[in-house]
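K.L.:
Before I ask anything, let me first share the structure, which is written out below as structure tokens.
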Amino acid sequence: MTWEIVIGLEVHAQLSTSSKIFCGASTAFGAEPNTQADAVSIALPGVLPVLNKGAVERAIKFGLATGAHIAPRSVFARKNYFYPDLPKGYQISQFDLPVVGNGQLVIHVPASGKQGPYEKTVRITRAHLEEDAGKSIHGSSLSGVVGLGVVGLMRVGMPLVDEYRDLSKLTGIDLNRAGTPLLEIVSEPDMRSAAEAVAYAKALHTLVRWIGICDGNMQEGSFRCDVNVSVRRPGEPLGTRREIKNLNSFKFMQQAIDYEVQWQIDTLENGGKIHQATILFNPDTGETRAMRSKEEAHDYRYFPDPDLLPLDISEEWIAQVRTRLPELPQAKQTRYVSELGLSAYDASILTSSREMADFFETALAAVPEDAKLCANWIMGEVNAQLNRDNLDMAQCPVTPIQIGGILKRIVDNTISNSGAKEVFRTMWAEGGDADAIIEAKGLKQVSDSGAIEALVDEIIAANADKVAEYRSGKDKLFGFFVGLAMKASKGKANPAQLNEVLKRKLFG
């Protein structure tokens, strides 16, 4: 029996400001617990929040990048709930008047099974500003951590006296993240498979890094995804959704959705009922489990925050932010195809990060007439070496200008492809300029037609029997002669010239 999968995402992108959204406390990652939780972060009596202008500008940037509506006036609200890591008892967020609404993002879904790759547009319902909560650290994870307030029997800040040395019974609270600026990006339920959800999350991850509003570090919690999953019969109303919380890996997202979809289908086909819930994914078991029943908006008792004025965004402000927006991935992909003659696939790979696109364009300046060669080298040799050394493009020890130097010598036939790879390996390990490495290692190709003809004449004279076989129709022997010639020239003969001379001489 056929089931349709319905997926929507809520993504929390930590904005790249140096201070928190409503105070001047640092947002730097890795500080000792509770050293960045100031009076405003934890709402001590008498303190007032002050909105961070940089956070607003990053939200505007995102809205412009997704073709969204930027609200001329938006309102901050108090979202009331009670967890130990939320010291105020409420979170400052936005509810019915968010800063960004009605955008969209084009995604590229890779081929799978019998279906080829395709594009799809996912609608973005809203993107609103809010503050992050603190972090609870449970049980044995507390070992070796200092500076934590401890919740034991719901007492906050209790010292670790002897009767509470059993860490499995304790929860530590680190409030460094409290007040960190977030942009929560909420999609419409437009995705119909785990592949589409992962493609959307990856595209969003690329975009927020591309426009510089979030560093995208999923291990540090800078980019976290909540996935709403439901199933239904085609044509029926939406089914009951369950929300998979805090996924910080695209691989885990794929696994979590696949498991949850099958669980929901099995439950319904066995006569069970799906109850709305917040669930967690356990990557060790590959299973989801319910954490709590899912709250609705009215459970949070939203109301406008009395300490914050409405946020007014003028057209002039939006125009200023627009001037600082870089060429976006989709526009760059289109340009690479129409102006450079690259395939849509190549263009999508080269724009998978801003660092890679910048690297490509800088290297291309050396050989503007051969974009395909440049693309192949970056997607091939450079990417392969980065993967082998577990580096990203920003950490590449070879600069795009150095790669451009190699490409120039391939194009002008100074070196062969194998020689170019040797230059690249030397560059990676030792640095240096392409021309200097070519000279030091004696990698220049022999392109003198007279020298190549003399070499071929010697080979033909020494292998008369093989020449006769070749002329009688054994075409595969051509590779035999190429091999002899390359060996005799120590790999330096220009391959194109060598092939041309061999063909002419062998039929002479």
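Where a number appears in this text, it was derived from the coordinates with a stated rule and is not lab data. Model, not experiment: these values are computed from the prediction. Every residue, glycine among them, receives a Cβ derived from its backbone with ideal geometry; neighbour counts consider all protein chains shown.
K.L.:
Suppose every K and R has +1 on its Cβ and every D and E has -1 on its Cβ; what is the size of the dipole of the chain about the Cα centre, in Debye to the nearest 20?
P.N.:
Numbers: 55 positive and 63 negative charges, 148 e Å.
Here the chain has a charge dipole of around 720 debye.
K.L.:
On alpha-carbon atoms, Rg over Rh for segment 449-506 using Kirkwood Rh? Can you show the working numbers first?
P.N.:
Numbers: Rg = 10.4 Å, Rh = 11.2 Å.
The Rg/Rh ratio comes out at 0.93.
K.L.:
Which Cα, out of 310, 363, 379, lies furthest along the positive dipole direction of segment 289-379 (beta carbon charges, K/R +1, D/E -1)?
P.N.:
Result: 379.
K.L.:
Identify the GluC sites (Glu not before Pro) of segment 203-277 meeting these criteria: DSSP loop state and at most 13 other C-beta atoms within 10 Å of the C-beta.
P.N.:
Values: sites: 220, 243, 260, 269; in loops: 220.
Passing sites in segment 203-277 are 220.
K.L.:
Let me ask another. Return 252, 360 ranked ascending by Cβ neighbour count within 10 Å, so the fewest neighbours appear first. Before the final figure, lay out each step's value.
P.N.:
Details: 252 18, 360 28.
Exposure proxy ranking, most exposed first: 252, 360.
K.L.:
Hey, another quick one. Which of the GluC sites (Glu not before Pro) across segment 345-440 are loop residues per DSSP, with 12 or fewer other Cβ within 10 Å? Present the calculation step by step, with values, prior to reporting the outcome.
P.N.:
Numbers: sites: 355, 361, 369, 381, 422, 430, 439; in loops: 369.
Of the GluC sites (Glu not before Pro), the ones in loops of segment 345-440 whose Cβ has at most 12 other Cβ atoms within 10 Å are 369.
K.L.:
Relative to the first principal axis of the alpha-carbon coordinates of the chain, what is the inclination of helix 449-462, with its axis defined by its Cα atoms, in degrees from 0 to 90 and to the nearest 10?
P.N.:
That helix lies at roughly 70 degrees to the long axis.
K.L.:
Give the relative contact order (percent, whole number) for segment 222-376; include only Cα pairs under 8 Å separated by 6+ residues.
P.N.:
On the way: 152 pairs, mean separation 20.6, N = 155.
The value is 13 percent.
K.L.:
Under 12 Å from the Cβ of residue 256, count the other residues' Cβ atoms, weight Lys and Arg +1, Asp and Glu -1, and hand me the total.
P.N.:
Working: positive: 242, 245, 251, 289; negative: 226, 243, 258, 260, 287.
My count for the surroundings of residue 256 gives -1.
K.L.:
Over the chain, with a single point scatterer placed on each C-alpha, what log10 of the ratio I(q)/I(0) does the Debye formula yield at q = 0.11 1/Å?
P.N.:
-1.04
K.L.:
Dipole of segment 312-422, Cα-centred, from +1 at each Lys and Arg C-beta and -1 at each Asp and Glu C-beta, to the nearest 20 debye?
P.N.:
Here the size comes out at about 280 debye.
K.L.:
So what's Rg/Rh here for segment 385-435, counting alpha carbon atoms and using the Kirkwood radius for Rh?
P.N.:
Numbers: Rg = 11.0 Å, Rh = 11.3 Å.
Looking at segment 385-435, the ratio lands at 0.98.
K.L.:
Among 424, 97, 325, flag the residue with its Cα farthest along the positive direction of the charge dipole of the chain, charges on Cβ as +1 for Lys/Arg and -1 for Asp/Glu.
P.N.:
424
K.L.:
What list do you get for 18, 93, 249 if you sort them by fewest beta carbons within 10 Å?
P.N.:
On the way: 18 10, 93 19, 249 15.
Going from least to most buried by this count: 18, 249, 93.
K.L.:
Helix 417-430 sits at what angle to the longest principal axis of the chain, using alpha carbons and giving 0 to 90 degrees rounded to 10?
P.N.:
That works out to roughly 50 degrees.
K.L.:
Tell me the angle of helix 400-411 to the major Cα principal axis of the chain, expressed in degrees between 0 and 90 and rounded to the nearest ten.
P.N.:
Approximately 30 degrees, to the nearest 10.
K.L.:
Let me ask something else about it. How many nm is it between the label spots at residue 289 and residue 343, if each spot is 7 Å from the Cα in line with the beta carbon?
P.N.:
Output for this residue pair reads 4.6 nm.
K.L.:
So, one more: Given R₀ = 25 Å, FRET efficiency for residue 26-residue 322 by Cβ-Cβ distance, to 0.05? The partial results should precede the final answer.
P.N.:
On the way: r = 29 Å, r/R0 = 1.17.
So, using R0 = 25 Å, E works out to roughly 0.30.
K.L.:
For the pair residue 202 and residue 273, how long in nm is the line joining their label points, each one 7 Å along Cα→Cβ?
P.N.:
Label-label distance for residue 202 and residue 273, simple model: 4.0 nm.
K.L.:
Restricting to segment 203-341, what percent of DSSP beta bridges are antiparallel, rounded to 5?
P.N.:
Here the antiparallel bridges make up roughly 75 percent for segment 203-341.
K.L.:
So, one more: Among 69, 59, 80, whose Cα lies farthest out toward the positive end of the dipole of segment 37-85, if unit charges sit on the beta carbon of Lys, Arg (+1) and Asp, Glu (-1)?
P.N.:
69
K.L.:
Continuing with this model, one more query. Cut-off is 10 Å between beta-carbons; in what order do 388, 301, 224 appear when sorted fewest neighbours first? Kindly include the intermediate steps, with their values, before the conclusion.
P.N.:
Numbers: 388 9, 301 12, 224 18.
In order of increasing Cβ crowding within 10 Å: 388, 301, 224.
K.L.:
Turning to a different aspect of this structure: Restricting attention to segment 61-118, which chymotrypsin sites (Phe, Trp or Tyr not before Pro) occupy a DSSP loop and are surrounded by at most 13 other Cβ atoms within 10 Å? Write down the numbers at each step before the final one.
P.N.:
Details: sites: 62, 76, 81, 82, 90, 95, 118; in loops: 81, 82, 95.
Listed in order of number, the matching sites are 81, 82.
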